[in-house]
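Input: a single structure, listed below in structure tokens.
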Amino acid sequence: MASVKLFKQDGSESAAIQISDAVFAIEANDRLVHQVAVALRNNCRQGNAHTKTRAEVSGGGIKPYKQKGTGRARHGSSRESQMRGGGTMWGPRKHSFRQDVPVKMKRKALCCVLSDRARNDKLCVLEGLAVDAPKTKPMVELYGKLAPEGRRTLIVTAKNEPTIVKSAGNVPRLTVRTAADVNALDVLSATRVVVVRDALSVLEERLS
């Protein structure tokens, strides 16, 4: 089985811990990871950009001026696309960008990126993580010890911890996700991944 470093909450390193090869030691599949990452990013898009066509803008019930004798071009409505205040031709329309991805593909992609972080020594396990009250200082100290280079870091917890989420909310480049909600895009966006020990079994059970 593969092994990664185990740290305590004070930042001191403990003995190495064994992790599942079925989750953290699988072969890379860049094509699958790219496909899933693009789909996840598209699912984050709102698609609210919307322009009105000449059928949707108000006004334009009569010809703006007579057909002949003015020396100008012929227009039947003041709401044509070439007129000021007219409708837009070929403009963006509100629609959904959502792409459905099979669950097996999303899980396999997550295993691929987690394995990549483990192979490159960018994944570690935290013995425990407890914050009594929402305070930024403890999370800043922990972030400084686990990621001294200041890179983007992802912390994976076993369940939703409001105090931990609030404490990390004001720390730049630090993200908190649960083992049930973390996806491949979250791991790709972070250089270093920190998995709390009780979340490790939940993550392995989900992806095995």
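The values are calculated or read from the model by the stated rules, or taken from the named source; none is laboratory data. All of these numbers come straight from a predicted model, not from anything done at the bench. Cβ atoms come from the backbone with ideal geometry, glycine included; neighbour counts cover every protein chain shown. Only protein heavy atoms, including side chains, enter the accessible area calculation; ligands, DNA and RNA are left aside. Shrake-Rupley method; radii C 1.70, N 1.55, O 1.52, S 1.80 Å.
Here are the numbers for this structure:
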| quantity | calculated |
| --- | --- |
| Solvent-accessible heavy-atom area per residue, rounded to whole Å², over the chain at 1.4 Å | 62 Å² |
| Per-peptide average of other Cβ atoms within 10 Å, ordering 95-105, 167-177 highest first | 167-177, 95-105 |
| With every protein chain in place, the range 160-208: carbon and sulfur % of accessible area (1.4 Å) | 45 percent |
| The range 164-185 and the range 116-135: distance between their alpha carbon centers, rounded to Å | 11 Å |
| Cross-link pairs beyond the 23 Å C-alpha cut-off, checked among Lys104/Lys166; Lys8/Lys122; Lys5/Lys106 | Lys104/Lys166; Lys5/Lys106 |
| Listed residues Asn183, Asn120, Asn160, most fluctuating in the chain (Gaussian network, C-alpha, under 10 Å) | Asn120 |
| Coil-residue chymotrypsin sites (Phe, Trp or Tyr not before Pro) of the range 1-78, DSSP, other Cβ within 10 Å capped at 16 | Tyr65 |
| Whole-Hz ³J(HN,Hα) from phi, Karplus 6.51 cos²θ - 1.76 cosθ + 1.60, for the range 167-183, glycine and proline x | 5, 8, x, 9, 9, x, 6, 10, 10, 10, 9, 8, 5, 7, 10, 5, 10 |
| Pair Asn170, Val140: separation of 7 Å Cα→Cβ label points (nm) | 0.8 nm |
| Cβ crowding within 10 Å averaged over residues, with 123-136, 81-94 ranked highest first | 123-136, 81-94 |
| Translational diffusion of the range 1-156, µm² s⁻¹ [Kirkwood Rh, Cα pairs; Stokes-Einstein; 37 °C; 0.692 mPa s] | 153 µm²/s |
